[in-house]
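Below you'll find the structure, written out as structure tokens, and then a few comments.
The values are calculated or read from the model by the stated rules, or taken from the named source; none is laboratory data. What you see is a predicted model, and the numbers here were worked out from it, not measured in a lab. Ideal geometry is used to build each Cβ from the backbone, glycine not excepted, and the neighbour counts take in all protein chains shown.
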Amino acid sequence: MNFYQILRSAHSGWRYLVLILLVLAIIQALAGWLGKKPYTEGNRKLNVFTLIFTHVQILFGLILYFLSPLVEAGIRYWKMEHIGMMIFAAVLITVGNARSKRIDDPAGKHRTIALYFGLGLVVIVAAIIAMIKADPARTFWGVS
């Protein structure tokens, strides 16, 4: 097994951690926002871990982008759409986390996280669906 295959497997598996953390952060933010709960240290830690895991996933993806034979082969989805959508999702998550830090109101913090992380999740799911359309051999939950 070479470096490319190891990194591809890591990128493929790490996505589950990102998706799980993202869904948990969104659920927690919605519960805090709609339930008018205080913004706790636990909320902050979950949001930061979600941000870190997303950034690690993007780092894996960027390294793969420059090593991948799919990009060299000129497959449009991998050259443009996948990387663009995933970077956009990571930017949404990063901006949401940063903006929530500047808000003093707990409901505002929860709302900001719920909105930005939710939009990031929508973009990620849309990119995964586009991947399935671009390569029918892949599945939504299958390891690539």
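When residues in the range 8-40 are screened for being surrounded by 12 or more Cβ atoms within 10 Å (Cβ to Cβ) and not in a helix (DSSP H, G or I), 3 of them pass.
May I ask you to verify whether residue 66 is over 16 Å from the mean Cα position of the chain (by Cα), surrounded by fewer than 15 Cβ atoms within 10 Å (Cβ to Cβ), farther than 18 Å from residue 132 by Cβ and touching a residue at least 24 places away in the same chain (Cβ under 8 Å)?
Details: over 16 Å from the mean Cα position of the chain (by Cα): yes; surrounded by fewer than 15 Cβ atoms within 10 Å (Cβ to Cβ): yes; farther than 18 Å from residue 132 by Cβ: yes; touching a residue at least 24 places away in the same chain (Cβ under 8 Å): no.
Answer is no for this residue.
Residues that are in a helix (DSSP H, G or I), modelled with pLDDT under 95 and among the hydroxyl-bearing types (Ser, Thr, Tyr): does the range 60-68 have at least one?
Taking the range 60-68 as the starting set, the residues that turn out to be in a helix (DSSP H, G or I) are 60-67.
If we keep only those that are modelled with pLDDT under 95 as well, we get 60-67.
Right, trim to among the hydroxyl-bearing types (Ser, Thr, Tyr) and you get 65.
Scanning the range 60-68 turns up at least one residue that is in a helix (DSSP H, G or I), modelled with pLDDT under 95 and among the hydroxyl-bearing types (Ser, Thr, Tyr).
Failed condition for residue 75, given (1) more than 21 Å from residue 130 (Cα to Cα); (2) surrounded by 15 or more Cβ atoms within 10 Å (Cβ to Cβ), with all others met? For residue 75, the exception is condition (1). Of all residues in the range 1-19, those that are within 12 Å of the chain's Cα centre (by Cα) and more than 12 Å from residue 58 (Cα to Cα) total 3.
Only residues that are in a helix (DSSP H, G or I) and over 21 Å from the mean Cα position of the chain (by Cα) were counted in the range 77-106, giving 1. Could you go through the range 48-63 and let me know if any residue there is β-branched (Val, Ile, Thr), farther than 21 Å from residue 128 by Cβ and over 21 Å from the mean Cα position of the chain (by Cα). No. Has the range 32-39 got at least one residue that is under 24 Å from residue 100 (Cβ atoms) and either β-branched (Val, Ile, Thr) or free of Cβ contacts under 8 Å to residues at least 40 places away in the same chain (or both)? Yes - at least one qualifying residue is present in the range 32-39.
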